[in-house]
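Every read-out reported here was derived from the displayed coordinates using simple, explicitly stated rules and does not represent laboratory data. Quick caveat, the model's predicted, so the values are computed rather than measured. So basically every Cβ, Gly included, is an ideal-geometry build from the backbone, and we count neighbours across all protein chains shown.
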Amino acid sequence: MTIPKTVFHLMCLAAVVPAAWTTVVAQSVRSLVNAGNDLYKDEKFSDAEINCRKALQTEKELVQGHFNLGNTLTKQGKYGDAVKEYETAISKAEQQETKAFAHYNIGNSRMKEQQYQEAVRSYVDALKLNPNDEDAKYNLSYALEKLKQQQ
């Protein structure tokens, strides 16, 4: 099984607040995200989780914030919570690529929980959005094999 794809980077912000506050809020969220990115890269996943949650307190609609939080939770083995964050990212995302990555990561979380039928569904959803994703194809095949063994 391949590792979850991570799209852990600085995201663009669009806040509807007065101009002075926009700068302050954007800098605050940006610094939290940057710090979270560094912590994630240093494999300090619980600290990265804290930064993601703080960024989301400031900017609740932050798609990448939910996606990144899902990644940190996955790394900590909190697969159910990670799935919820990926699902939130999917519901808020506009970009197909982000949705495909989130479906893929949900599939990986479901595989870790040995929920093979749900994993299959997630990989299929990822492939509907990105039919050329070789990792999703491989993992779908693997999940189908595990599902067959389970039955």
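Of the trypsin sites (Lys or Arg not before Pro) found in the range 19-122, the ones in coil according to DSSP and having at most 14 other Cβ atoms within 10 Å of their Cβ are K60. Tell me which GluC sites (Glu not before Pro) from the range 45-128 have a DSSP coil assignment and no more than 11 other beta carbons within 10 Å of their own. Sparse-neighbourhood loop GluC sites (Glu not before Pro): E94. The distance between label points at Q57 and Q117 comes to 4.0 nm (points 7 Å beyond Cα on the Cα→Cβ vector). Taking every alpha-carbon pair within the range 51-151, the share separated by more than 24 Å comes to 20 percent.
Using a simple spin-label model with points 7 Å from Cα along the Cα→Cβ vector, what separation in nm is obtained for K44 and N132? Taking the simple label geometry, K44 and N132 are separated by 3.8 nm. Projecting label points 7 angstrom from Cα along Cα→Cβ for K148 and N34 puts them 5.1 nm apart. Under 1.5 on a/c is rounded, so check that first for the range 41-95, then, if it is not, pick prolate when a/b is larger than b/c and oblate when it is not; a ≥ b ≥ c are the square roots of the alpha carbon gyration tensor eigenvalues. The shape class here is oblate. Is the shape of the range 70-122 rounded, prolate or oblate, going by the alpha carbon gyration tensor and its root eigenvalues a ≥ b ≥ c, with a/c under 1.5 for rounded and a/b larger than b/c for prolate? The shape class here is oblate.
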